[in-house]
Amino acid sequence: VQLQASGGGLVRAGGSLRLSCTASGRTFGTYAMGWFRQGLGKEREFVATIRWFGGSTFYAESVKGRFTISKDNAKNTIYLQMNSLKPEDTAVYYCAEGLSYGAVLTSVRAYDYWGQGTQVTVSS
């Protein structure tokens, strides 16, 4: 399985970006897909997740109300719409795929495959 993330860039505070992540290779058995981010010198942190069947979502408190995760099953793609961006949102954003039913989806350990990351920079 390969995950290809795209859509990062430089934006001013208050602006918006939409990230995309497309999975190729094996296209069955997905339990959930998610977005994490890692700022310079920081640990990778959970941002949002979506269950592949059912579509239920969960967000980190820091992005709730500003970010929206969605999916297109037919395209094996997830999206992260990011609005009202803040300088503290600056990070490399990674998409990930988890296969284990019932895993704690806010943990990096729940995910089996990771994309290469896309840089998001928010200027003040």
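The values are calculated or read from the model by the stated rules, or taken from the named source; none is laboratory data. Since the structure is predicted, the reported quantities are computational estimates derived from the model, not experimental observations. Positions of Cβ are generated from backbone atoms using ideal geometry, with glycine treated the same way; all protein chains shown enter the neighbour counts. Heavy atoms of the whole protein, side chains included, go into the accessibility calculation; ligands, DNA and RNA do not. Shrake-Rupley method; radii C 1.70, N 1.55, O 1.52, S 1.80 Å.
Computed values, structure above
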{"item": "Accessible area of the chain belonging to carbon and sulfur atoms, whole % at 1.4 Å probe", "result": "50 percent"}
{"item": "Only Lys, Arg (+1) and Asp, Glu (-1) charged, at Cβ; the chain dipole about Cα centre in debye", "result": "160 debye"}
{"item": "Kirkwood Rh, angstrom, segment 40-87 [1 / mean 1/r, Cα pairs]", "result": "12.0 Å"}
{"item": "Lysines with Cα under 29 Å of Lys42, excluding same-chain neighbours fewer than 8 positions away", "result": "Lys64, Lys71, Lys86"}
{"item": "Under 15 Å from the Thr22 label point (7 Å along Cα→beta-carbon), backbone N, segment 88-122", "result": "116"}
{"item": "Rh (Kirkwood; distinct C-alpha pairs) - the chain, Å", "result": "14.2 Å"}
{"item": "DSSP-defined antiparallel bridges as percent of all bridges, the chain, nearest 5", "result": "90 percent"}
{"item": "Average accessible area per residue (Å²) across the chain - probe 1.4 Å, nucleic acids and ligands excluded", "result": "52 Å²"}
{"item": "Lys, Arg +1 and Asp, Glu -1 on Cβ, resulting dipole of segment 1-57 about Cα centre, debye, nearest 20", "result": "80 debye"}
